[in-house]
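Engineer: Could you have a look at this structure, given as structure tokens, before my questions?
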Amino acid sequence: MKKSLYILSLITLLFSSCVNSSYNKQEEEQNSKSKYPIVGFVEEFVASHPNFDNNNITREQADVDFLQSFTEVSDSVNLLQNIPVKLCALNQNSKGEVMAQFRSWIKPTNFEFPKPVNEVNFDVIGRIDPKYVDSLNDDSYYTLSGTFIGRIESMDVFRVLLGLRTSIYTPSFNVRKDDIWDDQYEVSLGMMYFAIDSIAPFAH
């Protein structure tokens, strides 16, 4: 009898431990996703466009909807929130304004987005407060607070706004299934103009 009670207690303890572990993992994943609004945005978009990556026609229509949805949501949410971006270039123009280019397509070591997002790739430029100049380091990672102003479709326009020759990762603005994992997504946000309110060092 005592042996049976011992085994029952052990099973109950193991079951409880598994349930708590599963709950803690779900809670951790949810907290991680809430930290990156882009993840929830992509999940909702894919759910409402289940055929988005089926063929060229569905992709073209989805790309139009994706940009429109991103623009609309960005009126109230910073979809770049907490995404680590590397400082690529700073330039002071003839008006004395400091323009900065940041890029996301090289991630910090050991950093991963919450699933189902695998990558978020973009180059962003914006005017920054000169007070940041002394503390910003080339090729270091930061996070940006501010507002999405719009997509820049031309590399020439991007360079004129920055005031320097530079490179970008991609001009595409879309979401695609990962080349290997069908249930994960690569997000490309092309070239963007951003009203940068504040810059903070990226803390992993």
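The values are calculated or read from the model by the stated rules, or taken from the named source; none is laboratory data. Note that the structure is a prediction, hence the values are computed from the model and not measured. Virtual Cβ from ideal backbone geometry, glycine too; neighbours counted across all protein chains shown. These area figures cover heavy atoms from the full protein model, side chains too; ligands, DNA and RNA do not enter into them. Shrake-Rupley method; radii C 1.70, N 1.55, O 1.52, S 1.80 Å.
Engineer: Nearest 0.05, what FRET efficiency do GLU119 and GLN92 give at R0 = 30 Å with Cβ-Cβ as r? It would help to have the intermediate numbers written out before the result.
Structural biologist: Working: r = 32 Å, r/R0 = 1.06.
Efficiency, from the Cβ-Cβ distance: 0.40.
Engineer: Continuing with the same structure: Taking H as built 1.01 Å from N, whose amide H comes closer than 5 Å to the amide H of MET192, not counting residues under 5 places away?
Structural biologist: Here the answer is ASP123, VAL124, ILE125, ILE152, since their amide H atoms fall under 5 Å of that of MET192.
Engineer: Quick one: Debye curve from the C-alpha atoms of the stretch 29-118, no solvent, what's log10 I(q)/I(0) at q = 0.15, 0.20, 0.22, 0.25 Å⁻¹?
Structural biologist: Each listed q corresponds, in turn, to -0.76, -1.08, -1.16, -1.25.
Engineer: While we're on this one: What does the charge add up to near ARG59, with Lys and Arg as +1, Asp and Glu as -1, over the other residues with Cβ less than 10 Å from its Cβ? Numbers along the way, then the final one.
Structural biologist: Numbers: positive: ARG176; negative: ASP53, GLU60, ASP63.
Neighbour charge sum, excluding ARG59 itself: -2.
Engineer: Report the accessible area of TYR141, computed with a 1.4 Å probe over the heavy atoms of all protein chains in place, in Å² rounded to the nearest 10.
Structural biologist: About 50 Å², rounded to the nearest 10.
Engineer: Testing the spin-label approximation: label points 7 Å from Cα along Cα→Cβ at ALA203 and ILE106. State their distance in nm.
Structural biologist: 2.5
Engineer: Sticking with this one: For the stretch 93-106, in order, what is each residue's ³J(HN,Hα) by Karplus, 6.51 cos²θ - 1.76 cosθ + 1.60 with θ = phi - 60°, in whole Hz (x at glycine and Pro)?
Structural biologist: Karplus-based 3J(HN,Hα) across the stretch 93-106 equals 8, 5, 8, x, 7, 9, 9, 10, 10, 10, 9, 10, 7, 10 Hz.
Engineer: Now for a separate question. So if we plug the beta-carbon distance of ASN137 and SER69 into 1/(1 + (r/R0)^6) with R0 = 41 Å, what FRET efficiency do we get, rounded to 0.05? Please report the intermediate quantities before stating the final value.
Structural biologist: Details: r = 35 Å, r/R0 = 0.84.
Rounded to the nearest 0.05, the efficiency is 0.75.
Engineer: Now, a different point. If you build the Cα gyration tensor of the stretch 56-97 and take the root of 5 times each eigenvalue, what three semi-axes come out, in whole angstrom, biggest first? Walk me through the intermediate numbers first.
Structural biologist: Details: eigenvalues 185, 44, 34 Å².
Taking √(5λ) for each eigenvalue gives 30, 15, 13 Å, largest first.
Engineer: Now for a separate question. Going by amide H atoms built from the backbone, whose H comes under 5 Å of the H on SER140, apart from near neighbours?
Structural biologist: Here the answer is LEU87, since their amide H atoms fall under 5 Å of that of SER140.
Engineer: Residue-wise, which Karplus ³J(HN,Hα) couplings in Hz belong to the stretch 65-82, taking 6.51 cos²θ - 1.76 cosθ + 1.60, θ = phi - 60°, and x for glycine or proline?
Structural biologist: For the stretch 65-82, the Karplus curve yields 5, 5, 5, 5, 5, 4, 5, 5, 5, 5, 5, 10, 10, 7, 6, 9, 3, 6 Hz.
Engineer: May I pose another question? Starting from the alpha-carbon convex hull of the stretch 68-204, give the projected area averaged over all orientations, in nm².
Structural biologist: Details: hull surface 34.2 nm².
For the stretch 68-204, the mean projected area of the Cα convex hull comes to 8.5 nm².
Engineer: How high is the FRET efficiency from SER34 to ASP129, r the C-beta distance, R0 45 Å, rounded to 0.05?
Structural biologist: 0.95
Engineer: How many nm separate the modelled label positions at ASP179 and MET155, each set 7 Å beyond the Cα in the direction of the Cβ?
Structural biologist: In this crude spin-label approximation the distance works out to 2.0 nm.
Engineer: So for the stretch 133-203, Kirkwood radius off the Cα pairs, Stokes-Einstein at 25 °C and 0.890 mPa s: how many µm² s⁻¹?
Structural biologist: Working: Rh = 14.5 Å.
Roughly 170 µm²/s, to the nearest whole number.
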